[in-house]
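Just below is one structure, and these are the notes that go with it.
The values are calculated or read from the model by the stated rules, or taken from the named source; none is laboratory data. Since we're looking at a predicted model, the values are computed, not measured. A quick note on method: Cβ atoms are made from the backbone with ideal geometry, for glycine too, and the neighbour counts reach across all protein chains shown.
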Amino acid sequence: MINEFTLWSVLGIVYAVQIIKNDTNEPQESETGTNDLEGYSIVIPVYNEEDGIIPVLTGVVKAIKGSNVEVVIVDDGSSDKTIELTTNFINTHESQLKIVRHPQNKGYGSALKTGFTVAKNDIVTFLDADGTYPSAFIPTMRICDYS
């Protein structure tokens, strides 16, 4: 069974391999486009990310354009304007984004679990809201057969 750490590590490895292979920090276009991502859900846990959430969501929407990727944003009881900014973003963009809110902070792990539970697709990965891994690399993810 693939666990959360494995999925996170895979995205990080894809990022590192892209940089080494192409000697650039820019992602390369997928040969088959974002259709490789059909059946994916991406969970984004957020907590007090008002300063950085819009650029992350903008990048995600751009990266998944033309695909059927579901994005679940889990607000973990933010006390700043994260929920307001995220809701406005979702309302003004045609996208596959949805938001779930914890009324109070339950912690990072709980936010991930909520997102994994709400996600409708069989393949679920996650992306931190602080932009640690550039969302432009999302189209480079592939389904791996671990059987």
* Asked: Limited to region 91-133, what total is found for residues that are without any contact (Cβ under 8 Å) to a residue 24 or more places away in the chain and more than 16 Å from N48 (Cα to Cα)?
  -> 5
* **Every residue from region 16-69 that is at pLDDT below 50, not in a helix (DSSP H, G or I) and not hydroxyl-bearing (S, T, Y)** => D23, N25, E26, P27, Q28, E29, E31
* Asked: Pick from T125, T140, T117, T92: which is more than 14 Å from I44 (Cβ to Cβ) and buried (at least 18 other Cβ atoms within 10 Å of the Cβ)?
  -> T140
* To do: Could you look through region 100-135, keep only residues that are in a strand (DSSP E or B) and over 19 Å from I64 (Cβ atoms), and pick out the one that is nearest to the chain's Cα centre (by Cα)?
  => R101
* To do: Kindly list, by first and then second residue, each pair from a residue in region 43-67 that is at positive phi to a residue that is in a helix (DSSP H, G or I), limited to pairs with Cβ atoms under 7 Å and residues at least 6 apart or on different chains.
  => N48/T82; G66/G33; G66/T34
